[in-house]
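The structure under discussion appears below in the form of structure tokens.
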Amino acid sequence: MAYVHGYDARANERLHDQATTLVELLHADTAYPADSRVLEAGCGIGAQTVTLAQRSPQARFVSIDVSEESVAEARRRVEQAGLANVELQRANIFSGSFDHVFVCFVLEHLSRPVEALTILGSLLRPGGTITVIEGDHGSTYFHPDSAAAHEAIQCQVDLQRAAGGDSNIGRQVYPLLVEAGFDAVRVAPLMVYVDSSRPELVDGFTRRTFTAMIEGVRDDAIAAGLIDPERFDAGVRDLHRTTEDDGVFCYTFFKGVARSRAGGGGGV
């Protein structure tokens, strides 16, 4: 499946900005006990890996991704942070037994997310947990409102759908986990609310994460005939307009935690 966001340096920088800006929102209640074995599926460039390993220094992490370039960048970040509790591997097929699984911003790129969750559940020991975090572009709203900005955002949604993914998958985290056979499913909406009293979020999230992501699909959206260049550029300008003193930007992530019913350390 095509990865709609790309693997270039600009995309890597955006992922890093997103991870560092949203640490407290996404990970405030994420911690793993000493000696527990945690699989991070789809670690990408290690943007979440470093935070996970730092917050649970006595847990052991196995972080995997299908992209060799991403794993290399993740390894660089982990080594730079001086972390010794992370094992990085290039893989989309894995076997073993884990106490916990962590999946962040991965399901949105998959055409069969339930199948992926079922496979991950087979790697959990009985009673083990899975944590899933996904965004939902349909939750985006802002002031001043702009039809052009909504159309530019929809381009990213349409491109991801054409690649087999779903940018609005956050709202599905609960039913997906239930369908995949997990128990005790709990999902919490995590809203990013940004106004000029929160300059770190204005720059780190509205400007350098969300708007940068939309800007990144410009060429593909125009090539696909989804929008005219002038209209797309107007939409991006209007997204930047929300970072001014009277602007407001809102976006919601969904964090689900569930327990394995059977587990058993199966293979993929």
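At-a-glance table
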item: Single unsatisfied condition, residue 121 versus (1) surrounded by 15 or more Cβ atoms within 10 Å (Cβ to Cβ); (2) on the phi > 0 side of the Ramachandran plot; (3) not in a loop (DSSP other than H, G, I, E, B); result: (2)
item: Meets criteria (within 15 Å of residue 213 (Cβ to Cβ) and out of contact with any Asp or Glu (no Cβ under 6 Å at 6 or more places or on another chain)) for residue 135; result: yes
item: Flag for residue 164 being of a type outside the set (A, V, I, L, M), on the phi > 0 side of the Ramachandran plot, assigned to a strand (DSSP E or B) and out of contact with any helix residue (DSSP H, G or I) (no Cβ under 7 Å at 6 or more places or on another chain); result: no
item: From the options 174, 141, residue that is among the hydroxyl-bearing types (Ser, Thr, Tyr) and touching a Cys at 6+ places or on another chain (Cβ under 8 Å); result: 141
item: Test: residue 139 is touching a residue at least 40 places away in the same chain (Cβ under 8 Å), of a type in the set (Ser, Thr, Tyr) and within 26 Å of residue 61 (Cα to Cα); result: no
item: Any hit, region 254-268, residues being open to solvent by 60 Å² or more (accessible area, probe 1.4 Å), part of a loop (DSSP other than H, G, I, E, B), among the basic types (Lys, Arg) and out of contact with any Ser or Thr (no Cβ under 6 Å at 6 or more places or on another chain); result: yes
item: Every residue from region 82-119 that is at pLDDT below 95 and among the small types (Gly, Ala, Ser); result: 91, 95, 96, 97
item: Checking residue 197 against (1) without any contact (Cβ under 8 Å) to a residue 40 or more places away in the chain; (2) in a helix (DSSP H, G or I), the condition it does not meet; result: (2)
item: Count of residues meeting criterion [under 25 Å from residue 187 (Cβ atoms), charged (D, E, K, R) and over 18 Å from the mean Cα position of the chain (by Cα)] in region 59-114; result: 1
item: Any hit, region 167-176, residues being closer than 25 Å to residue 228 by Cβ, in contact with a helix residue (DSSP H, G or I) (Cβ under 8 Å, 6 or more places away or on another chain) and touching a residue at least 60 places away in the same chain (Cβ under 8 Å); result: no
item: Where a residue in region 40-63 is more than 21 Å from residue 92 (Cβ to Cβ) and its partner, wherever it lies, is assigned to a helix (DSSP H, G or I) and among the charged types (D, E, K, R), with Cβ under 6 Å and at least six apart; result: 50/77
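Yes or no, residue by residue, for (1) in contact with a Leu (Cβ under 8 Å, 6 or more places away or on another chain); (2) assigned to a strand (DSSP E or B); (3) surrounded by fewer than 19 Cβ atoms within 10 Å (Cβ to Cβ):
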{"residue": "46", "(1), (2), (3)": "yes, no, no"}
{"residue": "58", "(1), (2), (3)": "no, no, yes"}
{"residue": "69", "(1), (2), (3)": "no, no, yes"}
{"residue": "76", "(1), (2), (3)": "no, no, yes"}
{"residue": "88", "(1), (2), (3)": "no, yes, no"}
{"residue": "114", "(1), (2), (3)": "yes, no, yes"}
{"residue": "117", "(1), (2), (3)": "yes, no, no"}
{"residue": "128", "(1), (2), (3)": "no, yes, no"}
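The values are calculated or read from the model by the stated rules, or taken from the named source; none is laboratory data. Note that this is a predicted model, so its numbers are computed, not measured. Here Cβ is always computed from backbone atoms with ideal geometry, including for glycine, and neighbour counts include all displayed protein chains. Ligands, DNA and RNA are stripped out before the accessible areas are found, and what is left, the full protein with its side chains, is counted by its heavy atoms. Shrake-Rupley method; radii C 1.70, N 1.55, O 1.52, S 1.80 Å.
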